[in-house]
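Below is one structure, written out as structure tokens; comments come after it.
The values are calculated or read from the model by the stated rules, or taken from the named source; none is laboratory data. Please read these numbers as outputs of a predicted model, since none were measured by experiment. All Cβ positions, glycine included, derive from the backbone under ideal geometry; neighbour counts span all protein chains shown.
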Amino acid sequence: MKHFINLKDIPAKDLRKIITDAKKRKSLRKKLSTLEIDKGAPLNGKMLIQMFEKASSRTRISFYLAIKQLGGGTLTLRSNELHLGQGGESIADTAKILSTYGDGFMMRTDSDKKIEDFKKYLSVPIINGLSPSSHPTQVLSDIFTVEEIMKKPISKLNICWIGDSNNVLDSLIAASVKFSFKLSVACPKKFEPGKDVRVWVKKNNKKIYIYNNAKKAVSGADVIFSDKVISLNDKVNKKKKIQAFKNFKIDKKLMSFAKKDCIFLHCLPRGDEVSNDVFLGKKSHVWQQALNRVHVQKSILLYCFGKLR
Ligand code: CP
Ligand code: NVA
């Protein structure tokens, strides 16, 4: 049984296989409409249970479409609707029940430990739909989007992240090791990536380039990624943190220091970290990026259900 919790723990060859499958599937369904099922309905009869402890627009809708297009179905729950969320049932019993009714479980939570606990008691695969340390489905899909737009393997590109050191960046750092690409990060000193992830990179004989100056980080970049400065449930002094990032705003001037054909990507939702003209401008591919979540998550589901060929 394959789980999809953290890119760090998934073999690079499996991640590449998922991307290759997504590419094939996306091109094969060009003429199909949103809810039409892929040829062969590979997940016919399968049910994915999704549970959200935090808000989500893209992840919940894209997983709904992903499993539907493979011939299966989904049920979406808010944890406070369950006995678990009310404190009236254990993770162990909830996990057994989820495994009885469903064939896979996708979860968004504020606790990495909760995902590990569920994994222990589930007898079906678990997918991390965002946790404090990881947003793996987002980032794998973003690798797909970069290669689709740039028409090159990501290992040949300079990738730059401007923004907070959060779950999305941690997954991007993991991806930089798995897919061997150069990653430059720009953020204030106080918000640099944490020790654990940096030690992990070093252990894997890789390097990430960290700058406290946005202009230096974007120099030579093919792709600029960003995310909100204040993540969901971020327990910080918001005013102070936003102030600390004031020199890291992505505007046209900053983009001009990157390569001429540099693209802009953002997982959404957005805050003030990017100007409107960049976000809605020609170099931005954020809507295509959001759509690709469907295609890549289909191949992630196939991987988890043991059906990836
Ligand atoms: N990018 C992303 O995961 O969006 P949602 O929070 O809307 O799911
Ligand atoms: N870093 C953001 C990502 C949202 C998709 C958060 O955790 O809220």
field: Residue among K46, K68, K24, K8 that is at pLDDT 95 or above, of a type in the set (K, R), away from ligand 1 (no atom under 16 Å from the Cβ) and under 19 Å from the mean Cα position of the chain (by Cα)
entry: K8
query: List pairs: first in the stretch 291-304 and more than 13 Å from D21 (Cα to Cα) and assigned to a helix (DSSP H, G or I), second hydrophobic (A, V, I, L, M, F, W, C) and at pLDDT below 95, Cβ under 8 Å, 6+ apart or cross-chain?
result: C304/M1
- prompt: Could you say whether any residue in the stretch 64-82 is within 16 Å of ligand 2 (Cβ to nearest atom), without any contact (Cβ under 8 Å) to a residue 40 or more places away in the chain and either basic (K, R) or surrounded by 16 or more Cβ atoms within 10 Å (Cβ to Cβ) (or both)?
  reply: no
task: Hey, can you tell me all the residues within the stretch 87-112 that are hydrophobic (A, V, I, L, M, F, W, C) and either surrounded by 19 or more Cβ atoms within 10 Å (Cβ to Cβ) or closer than 21 Å to P132 by Cα (or both)?
output: I91, A95, L98, F105, M106, M107
query: Of the residues S299, S284, which single one is of a type in the set (S, T, Y), crowded, with 23+ Cβ neighbours inside 10 Å and within 19 Å of the chain's Cα centre (by Cα)?
result: S299
- request: Can you confirm whether the stretch 272-282 contains a residue that is within 19 Å of L172 (Cα to Cα) and touching a Gly at 6+ places or on another chain (Cβ under 6 Å)?
  value: yes
message: It is to be established whether one or more residues within the stretch 91-107 are more than 16 Å from ligand 1 (Cβ to nearest atom), assigned to a strand (DSSP E or B) and touching a Gly at 6+ places or on another chain (Cβ under 7 Å).
response: no
message: Would you confirm whether or not the stretch 251-263 contains a residue that is hydroxyl-bearing (S, T, Y) and more than 21 Å from V168 (Cα to Cα)?
response: yes
- request: Could you give me the residue pairs with C-beta distances under 7 Å whose first residue belongs to the stretch 131-147 and is within 16 Å of D196 (Cβ to Cβ) and hydroxyl-bearing (S, T, Y), whose second residue is part of a loop (DSSP other than H, G, I, E, B) and within 14 Å of ligand 1 (Cβ to nearest atom) wherever it lies, and which are 6+ apart or on separate chains?
  value: S131/T109
query: Within the bounds of the stretch 241-248, is there any residue that is within 14 Å of C160 (Cα to Cα) and in contact (Cβ under 8 Å) with a residue 60 or more places away in the chain?
result: yes
task: Quick one: which helices (runs of 4 or more DSSP H) lie wholly within the stretch 137-236 and hold at least 3 residues that are at pLDDT below 95 and within 16 Å of ligand 1 (Cβ to nearest atom)?
output: none
task: Collect the residues in the stretch 51-65 that are within 16 Å of N80 (Cβ to Cβ), of a type outside the set (K, R), within 11 Å of ligand 1 (Cβ to nearest atom) and outside any loop (DSSP other than H, G, I, E, B), keeping them in residue-number order.
output: F52
- prompt: Just wondering, is there one or more residues in the stretch 161-179 that are aliphatic (A, V, I, L, M) and surrounded by fewer than 20 Cβ atoms within 10 Å (Cβ to Cβ)?
  reply: no
message: Every residue in the stretch 237-253 that is within 16 Å of ligand 2 (Cβ to nearest atom), crowded, with 17+ Cβ neighbours inside 10 Å and either at pLDDT below 95 or assigned to a helix (DSSP H, G or I) (or both), please.
response: F248
field: Filter pass, K113 being more than 16 Å from ligand 2 (Cβ to nearest atom), in a helix (DSSP H, G or I) and more than 17 Å from F4 (Cα to Cα)
entry: no
